[in-house]
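Inspection log for the structure reproduced underneath, given as structure tokens.
All of the numbers you see were taken from the coordinates with simple rules; none came from a lab. Note that the coordinates shown come from a computational prediction; the quantities given were computed from them, not determined experimentally. Every residue, glycine among them, receives a Cβ derived from its backbone with ideal geometry; neighbour counts consider all protein chains shown.
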Amino acid sequence: MNADGKAEAVVSTSTCGASTCFEQEQVLAWNGATYENLLEGASDDLPYPDVKMRDTGDGIYALDVTGTGFGSVGAGPYRVRTRAWSYDPASGRWKVSGETLEPPRYRIHALHDADAAFEVGDYETAIVLYQRVINDRTLLDWIDPPLEQADLGAYARFKLIVLYTQSGQPDEAERCFSELKAGPTAGNWRDYTEMADTYLQGVAIAGHGCPAARYFAETHAGQILFPLGSAAFGYANPDYTLEDICP
């Protein structure tokens, strides 16, 4: 596997719960006295894995482990994730070299990508993805499409307000706030609208609105945090924290 003329073996150890199985991969090589595992890192968090060896073109193989999904509906919508290990000649071991997610098929996963882009300052990508959450009807919903579209759409508008305010685009922030105020009463729309109002008041009074928005989310967790996390979308999806709401 590493072009050293010696044999290595990929070995999997499986563990299964009530509905889902996982595997810890190893790359075993004989060191003259015993078999040594040359794979660093864990793979046993990837449900029902598909394991493939990938020829990198130089006689050295990488290892790709893809989590294909949980066996329980309680996990919610799952996003296929592939973790790659590449051989490191300096250490003589396979190390994690990357992790990729499939493009978002579900609305909640598009929201996760939008928030991730916002967090690293990639505002252009974040805006496009928040707009997808709001407008893209090809994205899948989970249990209650009208409710999820209302909640996630309202939250995406709130995040656009924060983004536009922080990037010096107050007119765009006000446009998004007007959309919130004119929106439906479905789900928790009004709560997200009130949080946006609280944020903008904090900006006007103190020059920053995130502390006010986080306090609102903390005191209205059932209306703000729970509709975005595992309570609504299953344990395969992360819960939102106060820092996630307003960075």
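Size of the dipole of the chain about the Cα centre, Lys and Arg at +1 and Asp and Glu at -1 on the beta carbon, nothing else charged, in debye to 20?
Working: 18 positive and 36 negative charges, 64 e Å.
My answer is approximately 300 debye.
Binning at 10 angstrom from zero up to the longest distance, how are the C-alpha pair distances of region 15-67 distributed in percent?
22, 42, 29, 7, 0
Fewest Cβ neighbours within 10 Å first, please rank 189, 142, 85, 94 accordingly. Intermediate results must be reported in sequence, preceding the final value.
Details: 189 20, 142 16, 85 24, 94 27.
Fewest to most other Cβ atoms nearby, the residues stand as 142, 189, 85, 94.
How much length is gained if the chain between residue 16 and residue 140 is pulled fully straight, taking 0.36 nm per residue apart and subtracting their Cα-Cα distance, in nm to one decimal? Working shown, then result.
Numbers: separation 124, 0.36 × 124 = 44.64 nm, distance 2.89 nm.
Length gained, residue 16 through residue 140: 41.8 nm.
For each of 175, 157, 93, count neighbouring Cβ atoms within 10 Å of the residue's Cβ, then give the residues from fewest to most. Walk me through the numbers on the way to the answer.
Values: 175 14, 157 24, 93 18.
Neighbour counts put them in this order, fewest first: 175, 93, 157.
Can you give the angle from 0 to 90° between the axis of helix 210-219 and the longest principal axis of the chain, with both taken from C-alpha atoms, to the nearest 10?
Helix 210-219 sits roughly 90 degrees off the main axis of the chain.
With n ≥ 4 as the cut-off for DSSP H runs, can you work out [θ] at 222 nm for the chain, using -39500 (n - 2.57) per run divided by the number of residues, rounded to the nearest 500? Walk me through the intermediate numbers first.
Working: 9 runs with 100 residues, N = 247.
Roughly -12500 deg cm²/dmol at 222 nm, from the helical runs in the chain.
Using just the alpha carbons, could you tell me how many Å³ per residue the convex hull of region 22-128 encloses?
Numbers: hull volume 15.3 nm³, N = 107.
For region 22-128, the hull spanned by Cα atoms encloses 143 Å³ per residue.
Please report the net charge: other residues with Cβ closer than 15 Å to the Cβ of residue 46, K and R +1, D and E -1. Spell out each step's value before the answer.
On the way: positive: 52, 79, 81, 83; negative: 23, 25, 44, 45, 50, 64, 99, 102.
Every neighbour counted, the sum reads -4.
Under 8 Å for C-alpha pairs, at least 6 residues apart: give me the relative contact order for the chain, rounded to a whole percent. Show your work: numbers first, answer last.
Numbers: 415 pairs, mean separation 30.1, N = 247.
Taking the mean separation of contacting Cα pairs over the length of the chain, I get 12 percent.
For q values of 0.07, 0.10, 0.14 Å⁻¹, compute log₁₀ I(q)/I(0) with the Debye formula on a Cα-only model of the chain, without solvent.
Listed by q, the Debye log ratios stand at -0.34, -0.61, -0.92.
Determine, for 1, 53, the number of other Cβ atoms within 10 Å of each Cβ, and report the residues in order from fewest to most. It would help to have the intermediate numbers written out before the result.
Details: 1 20, 53 11.
Placing the least packed residue first, the sequence is 53, 1.
Over region 162-247, calculate the relative contact order: mean separation of alpha carbon pairs under 8 Å at least 6 apart, over the residue count, as a percent.
Details: 71 pairs, mean separation 17.2, N = 86.
About 20 percent, as a whole number.
Return one number: the angle in degrees, 0 to 90 and rounded to the nearest 10, between the long axis of the Cα atoms of helix 145-166 and the longest principal axis of the Cα atoms of the chain.
So the inclination is approximately 80 degrees.
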